[in-house]
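Reading through the structure tokens given below for one structure.
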């Protein structure tokens, strides 16, 4: 606690500055997520305060971030669509998923997984970050030109037949749940169908229209309609915001340009009484605890999203720990990764209980905090308190902000979040794989796969597929290198120094093989060729295993198959210098002593040579 107040002035200035930078982003991410600006603000308040208080990075400023919002957007849209387009009905399930993600983060930190996050390959992270930029950029084009699919009645009317079909399906599902047999009691179905109003059909049509226009593909699909229905005022507000954000940075970076753009463009819209579209209203007063998370809990409604919750928790972990590394480099300190994950998990869990969207450590806000004098956890807590005061005092004013201004802010976020360093490196990376006539870099391929799948299909699965491809390619490379170094392929190999005294007359009878490096699933295919290398004249094979440090299950069974084959041919095998882990593995399935007895295992080649001289006769 003493350390907490050791830098009050610097922490106060750092926290206030970071909080000011966070405000427009929190509102924008909230609107973008689909839960409204208040959800973004609540997320920023609770995550910033509690992640700082319980986390393991002193200068970290946390809150909603672009990657977390992009994944949350998908979760929110999916659950709302499953609840007939009603946010009220969907909210308990949405917040339960966010709470689950926070609890999973606490679990990741508690079991010590923080230190393993750094092993996620760079091409996967690069492709994902660029995809986040693409998603934000493309999906914000529609609000920046004032086009909202749910309000385009010509577009909505296209979905009326489908809406009627969906409503009828829901009636049949309800009847099935109540045990009503439709064919025996068709009158009940007709009675329920007659109660459907035009408003019900319109509402369902709007839900389907919004669903079909969501995401990158949806936005591209409706873009021609949007361009025909441009609201020029909204477009000018968005362009003005973008212009100020980039232009003001050239004047000074001491004042956040996003905040300047937000204030200037909102002031113009309000003072000139322009006919613009404001953001959804931010409720004034204290955030309410969402007890419906528990009272309306349904395992069935969140079961399809458990994997998504895990992805959110992992993404938040990566996002936060990457920012922690940046903070370490700037402050010359060392963060505690597992404690940081616990802090982020607590922040996300509490934010979910009050209706906030999930977040993570935010790099730009953290850098602003450090540059403004923040040194302890107090800075992050002050940032959260400042946003809380703004919520209580300025909610009615903030509710007047034009939606197009937040869309403009998000477009600049989308442009900024892309990994230009990774994109610039594409031509320079070595082309190490062949796909038909094409030569490609495996790292570029992984990045592009993650980028394309994340942008046009599913963020969650894209990262999983990227990790699988990266792992398989890594295994192949290591397998190739191991096989190359272990000299499995060539028949003739250089004799080791202690083999110089080996009797020349026994070289036809005895075949010596050196194994260098691990015998694992990546190198077993070459190892299996070993029996083909052994001369017909050989009755003894010496396997020198002093440099085979590791053997996995695949390697173990490859060894067993080879020994069985040699035994069938009447060839005896001698082991020299078996290391502890491979020996343990071979003892588990009785390779030792069933195939290789203890008297055929030698600690040194000298002992083995003595045995050879005593037991092997020159026959060729």
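The values are calculated or read from the model by the stated rules, or taken from the named source; none is laboratory data. Not measured: the values here are computed from a predicted model. Ideal geometry is used to build each Cβ from the backbone, glycine not excepted, and the neighbour counts take in all protein chains shown.
Could you grab me the full set of residues in segment 335-344 that are assigned to a helix (DSSP H, G or I) and farther than 15 Å from residue 65 by Cα?
Those that are assigned to a helix (DSSP H, G or I) and farther than 15 Å from residue 65 by Cα: 337, 338, 339, 340, 341, 342, 343.
Please tell me if residue 393 is part of a helix (DSSP H, G or I) and buried (at least 17 other Cβ atoms within 10 Å of the Cβ).
For residue 393, the condition - part of a helix (DSSP H, G or I) and buried (at least 17 other Cβ atoms within 10 Å of the Cβ) - is not met.
Give segment 365-380 a look and list any residue that's part of a helix (DSSP H, G or I) and either surrounded by fewer than 20 Cβ atoms within 10 Å (Cβ to Cβ) or not assigned by TED's automatic domain parsing to the domain that holds residue 24 (or both), or say none.
367, 371, listed by residue number.
Can you find a residue that is touching a strand residue (DSSP E or B) at 6+ places or on another chain (Cβ under 8 Å) and outside any helix (DSSP H, G or I) anywhere in segment 3-23?
No; the residues of segment 3-23 include none that is touching a strand residue (DSSP E or B) at 6+ places or on another chain (Cβ under 8 Å) and outside any helix (DSSP H, G or I).
From the set of residues in segment 397-439 that are outside any loop (DSSP other than H, G, I, E, B), at pLDDT 85 or above and touching a strand residue (DSSP E or B) at 6+ places or on another chain (Cβ under 8 Å), which is farthest from residue 133 (Cα to Cα)?
402
Does residue 255 fit the bill of being in the same structural domain as residue 408 (by TED's automatic domain parsing) and either in a helix (DSSP H, G or I) or buried (at least 17 other Cβ atoms within 10 Å of the Cβ) (or both)?
Criteria not met by residue 255.
Under the condition of being over 48 Å from the mean Cα position of the chain (by Cα) and without any contact (Cβ under 8 Å) to a residue 40 or more places away in the chain, which residue from segment 534-565 is farthest from residue 499 (Cα to Cα)?
536
Quick check: anything in segment 56-65 crowded, with 24+ Cβ neighbours inside 10 Å, in a helix (DSSP H, G or I) and assigned by TED's automatic domain parsing to the domain that holds residue 378?
Among the residues of segment 56-65, not one is crowded, with 24+ Cβ neighbours inside 10 Å, in a helix (DSSP H, G or I) and assigned by TED's automatic domain parsing to the domain that holds residue 378, which makes the answer no.
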